[in-house]
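In what follows, a single structure is set out as structure tokens and then discussed.
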Amino acid sequence: MAISSPLPLFVLGSGTDPDTERGVECPGELPPASDPQLVERARRAKEALGERVFILGHHYQRDEVIQFADVTGDSFKLAKDAAARPEAEYIVFCGVHFMAESADILTGPEQRVILPDLAAGCSMADMARLAQVEDCWDALADAGVAEVTVPVTYMNSSADIKAFCGRNGGVVCTSSNAKRVLEWAYERGEKVLFLPDQHLGRNTAVLQLGLELGDCVVYDPRQPNGGLTTEQLRDAKMILWKGHCSVHGRFTADAVDEVRVRVPGVKVLVHPECQHEVVLKADLIGSTEFIIATVREAEPGSKWAIGTELNLVQRLAQEHPEQEITFLERNVCYCATMNRIDLPHLVQSLENLVEGRVLNQIQVDPDTERDAKLGLQRMLDLPGDTARD
Ligand code: 13P
Ligand code: SF4
């Protein structure tokens, strides 16, 4: 059955334009989107490269791109997949900038990681800058609590934030393993500074670790001392960075109420980047990999309202005609930056590789890489392997 909610009329803006910020110019000519030969050109270029290229595709990518991915996955699975392909000379990452950075950190020095469009950033990752996080750490030190605080950053952050966590005894997490990572952190400290997604941090702390909402405070980097008193910093168990996903943050609790009336018997399945009030009303919460597995394993005829990125929900609806799949909220749209990776950009990357030219390589500087790898490796070394752990 086709997706039962009408498509949104616009694509959600996703923050600053990394093109402008990083001063990037597009090298070479981009094949026009209407070129009917694009599928064939991508196929031929990929075939010519053979084992030398490995294409990773995040679940939020467009179908036209996903069809060429050697593996698809959520952030956690793709990080592991990238690390497990040392023989591939080129890793083409169909996802966003922070994912390609993580792949560069986890792959060998001779491997080259390519992001087909450098404008594919992430507004959430842009909400935590290193200088702001260092100011926050100073505020925690002034309050006398930095030493008992473990910094934990969501994968959706820049490499220098991961490096900050790595060199300060902290760790990286993804939406697949946030509970396990927070348990690890609370075995090592009394408090956690959770970057940059307040919603994933709050939802995991309260719903999976049993903390009270009152144990959590929100640190606003735009305010002196994060807008918090010294007592608040001292009393909190969970210090949440004031960041959010501009896609998942738009799902509302009203939409959950409305779909339960509209589709009797529906189960609401949402990503933990959604607001706490939405997650509280949902039936099931989990990463993209979890969402896919849940739908795949459900009884035929099940009814689902899914709150995550639209490319994935549409694909699920196409792949599971035996289920009734509804997009949770009409006003939520594609992730604009994920959608930057389209077939023209993929063809451009692959054809240039065939010609021996590496366009849009993502390279993390060696110091940042060393420290960020500490945080990533601590995460990868934790036991448990699947979205359902
Ligand atoms: P996961 O891949 O961890 O489910 O995260 C979703 C997301 O927002 C990626 O940008
Ligand atoms: Fe960033 Fe949200 Fe887009 Fe993921 S879906 S890349 S967190 S803006």
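Placing +1 on each Lys and Arg Cβ and -1 on each Asp and Glu Cβ, with no other charges, gives region 189-333 a dipole about its Cα centre of roughly 220 debye.
Expressed as cubic angstrom per residue, what is the convex hull volume of the alpha carbon set of the chain? Intermediate values should be presented prior to the final figure.
Working: hull volume 53.7 nm³, N = 389.
Looking at the chain, the number lands at 138 Å³ per residue.
Straight-line reach from Lys303: taking Cα to Cα under 23 Å and skipping same-chain neighbours fewer than 8 places apart, the lysines in range are Lys267, Lys281. What's the FRET efficiency of Val261 with Arg129 using the Cβ-Cβ distance as r and R₀ = 41 Å, to the nearest 0.05? Computed FRET efficiency for Val261 and Arg129: 0.45. Farthest toward the positive end of the dipole of the chain, out of Ser75, Val263, Leu240, is the Cα of Val263, where the dipole comes from beta carbon charges about the Cα centre.
The ranking of Asp126, Asp35 from fewest to most other beta carbons within 10 Å of each one's beta carbon is Asp35, Asp126. A full extension of the chain between Asp138 and Glu187 corresponds to an added length of 15.4 nm, given 0.36 nm per residue minus the alpha carbon distance.
Run through region 266-335 and list the GluC sites (Glu not before Pro) located in a DSSP loop whose Cβ has at most 13 other Cβ atoms within 10 Å.
Numbers: sites: Glu273, Glu277, Glu289, Glu297, Glu309, Glu319, Glu322, Glu324, Glu329; in loops: Glu273, Glu309, Glu322, Glu329.
Taking region 266-335 and a limit of 13 other Cβ atoms within 10 Å, the loop GluC sites (Glu not before Pro) found are Glu322.
Computed extension gain for Ala298 through Glu355, at 0.36 nm per residue and net of the alpha carbon distance, reaches 15.9 nm. You can think of it this way: the chain between Asp215 and Ala253 has 11.4 nm of extra reach, that is 0.36 nm per residue less the Cα-Cα gap. Approximating the spin labels as points 7 Å out from Cα along Cα→Cβ, the Glu51-to-Arg330 distance works out to 5.4 nm.
Listed from fewest to most Cβ neighbours within 10 Å, the set Asp220, Asp367 follows the order Asp367, Asp220.
Here Lys237 is the anchor, and the aspartates and glutamates within straight C-alpha reach of less than 14 Å, apart from those fewer than 8 places off in the same chain, are Glu147, Glu183, Glu187, Glu190, Glu212, Asp215. Exposure proxy shown here: for Ser34, Ser75, the number of other Cβ atoms within 10 Å sets the order, fewest to most, as Ser34, Ser75.
If contacts are Cα pairs under 8 angstrom and at least 6 residues apart, what is the relative contact order of the chain in percent?
26 percent
Here the chain is assigned +1 on the Cβ of each Lys and Arg and -1 on the Cβ of each Asp and Glu. Its dipole about the Cα centre then comes out at about 540 debye.
None of the figures in this text is laboratory data; all of them are computed from the coordinates on show. Since we're looking at a predicted model, the values are computed, not measured. No Cβ is skipped: glycine too gets one built from the backbone with ideal geometry, and neighbour counts run over all protein chains shown.
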